[in-house]
Amino acid sequence: QVRLVESGGGLVQAGGSLRLSCAASGTILGINAARWYRQAPGKQRELVAGIRGGRTNYKDDVKGRFTISGDNVKNMVYLQMNSLKPEDTAVYYCNADLVSGPIKYNDYWGQGTQVTVSS
């Protein structure tokens with residue numbers, strides 16, 4: 001069985017930076033794709049960034065500010081967030097397509113990490 005655990009969230013001032021980490025544990029043979037989502041209070045969960053086969057994509061309002069990356073050796077996925085804005089405040093969730101032994105896990109979720117950006 002696999003597990004995804006997010007970390008790196010916290011309280012920062014507008015214009016600051018945070019790096020979120022998503023650690024995949026268990027017998028991981030490969031991370032085929034990874035995504036970061038976020039959900040603000042009272043709002044729908046939304047896709048922030050994704051990576052697959054070296055290709056990346058981003059929500060329009062985070063382009064140029066956020067960078068998603070992965071490290072298969074360390075079984076880690078990252079989201080570097082720069083020039084943070086108050087509207088970035090949300091719980092951020094890691095989501096990944098994983099292979100563990102003979103089992104493929106699609107849309108496997110972590111528990112989330114809180115990011116709060118003050119004005």
Of the criteria (1) out of contact with any Gly (no Cβ under 6 Å at 6 or more places or on another chain); (2) modelled with pLDDT of 95 or more; (3) in a strand (DSSP E or B); (4) not hydroxyl-bearing (Ser, Thr, Tyr), which one Arg19 fails
(1)
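I'd like to verify a number: residues in segment 22-45 that are assigned to a loop (DSSP other than H, G, I, E, B) and either under 15 Å from Trp109 (Cβ atoms) or of a type outside the set (A, V, I, L, M, F, W, C) (or both), how many? Don't jump to the end; show me each part of the working.
Filtering segment 22-45 down to residues assigned to a loop (DSSP other than H, G, I, E, B) leaves 26-29, 40-45.
From the residues that got through so far, the ones that are either under 15 Å from Trp109 (Cβ atoms) or of a type outside the set (A, V, I, L, M, F, W, C) (or both) too are 26-27, 41-45.
The qualifying residues number 7.
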Yes or no: Thr56 assigned to a loop (DSSP other than H, G, I, E, B) and among the β-branched types (Val, Ile, Thr)?
no
Looking at segment 69-81 only, could you name the residues that are in contact (Cβ under 8 Å) with a residue 40 or more places away in the chain, within 21 Å of Arg3 (Cβ to Cβ) and either in contact with a Leu (Cβ under 7 Å, 6 or more places away or on another chain) or in a strand (DSSP E or B) (or both)?
Met76, Val77, Tyr78, Leu79
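Of everything in segment 56-87 that's of a type in the set (D, E, K, R) and modelled with pLDDT of 95 or more, which residue is least open to solvent (accessible area, probe 1.4 Å)? Full working, then the answer.
First, the residues of segment 56-87 that are of a type in the set (D, E, K, R): 59-61, 63, 65, 71, 74, 85, 87.
Keeping just the survivors that are modelled with pLDDT of 95 or more gives 59-61, 63, 65, 85, 87.
Working: Lys59: 58, Asp60: 120, Asp61: 72, Lys63: 117, Arg65: 26, Lys85: 81, Glu87: 124 Å².
Once the filter is applied, the top-ranked residue is Arg65.
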Could you grab the pairs with beta carbons closer than 7 Å, sequence gap of 6+ or different chains, first residue in segment 40-68 and farther than 11 Å from Tyr92 by Cβ, second one of a type outside the set (A, V, I, L, M) and in a loop (DSSP other than H, G, I, E, B)?
Leu47/Lys59; Arg65/Asn82; Arg65/Ser83
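Mind checking whether some residue in segment 99-109 is under 13 Å from Val5 (Cα atoms), polar (S, T, N, Q) and without any contact (Cβ under 8 Å) to a residue 60 or more places away in the chain?
The initial filter retains those residues of segment 99-109 that are under 13 Å from Val5 (Cα atoms), namely 108-109.
Remaining after also requiring polar (S, T, N, Q): none.
No, that holds for no residue.
Going by the structure shown, is Asp97 acidic (Asp, Glu), open to solvent by less than 30 Å² (accessible area, probe 1.4 Å), farther than 14 Å from Leu11 by Cα and in a strand (DSSP E or B)? If you could, list the steps in order and put the result at the bottom.
Values: acidic (Asp, Glu): yes; open to solvent by less than 30 Å² (accessible area, probe 1.4 Å): yes; farther than 14 Å from Leu11 by Cα: yes; in a strand (DSSP E or B): yes.
Taking the combined requirement at face value, the residue satisfies it.
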Return the residues of segment 73-87 that are under 15 Å from the mean Cα position of the chain (by Cα) and under 25 Å from Ile28 (Cβ atoms); say none if nothing qualifies.
Asn75, Met76, Val77, Tyr78, Leu79, Gln80, Met81
Among the residues that make up segment 100-109, is at least one of them surrounded by fewer than 20 Cβ atoms within 10 Å (Cβ to Cβ) and modelled with pLDDT of 95 or more?
yes
Looking at (1) among the acidic types (Asp, Glu); (2) assigned to a strand (DSSP E or B); (3) out of contact with any Lys or Arg (no Cβ under 9 Å at 6 or more places or on another chain), which is the one condition that is false for Asp107?
(3)
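The values are calculated or read from the model by the stated rules, or taken from the named source; none is laboratory data. Quick caveat, the model's predicted, so the values are computed rather than measured. We place every Cβ from the backbone using ideal geometry, glycine too, and count neighbours over all the protein chains shown. With ligands, DNA and RNA removed, areas are computed over all heavy atoms of the protein, side chains included. Shrake-Rupley method; radii C 1.70, N 1.55, O 1.52, S 1.80 Å.
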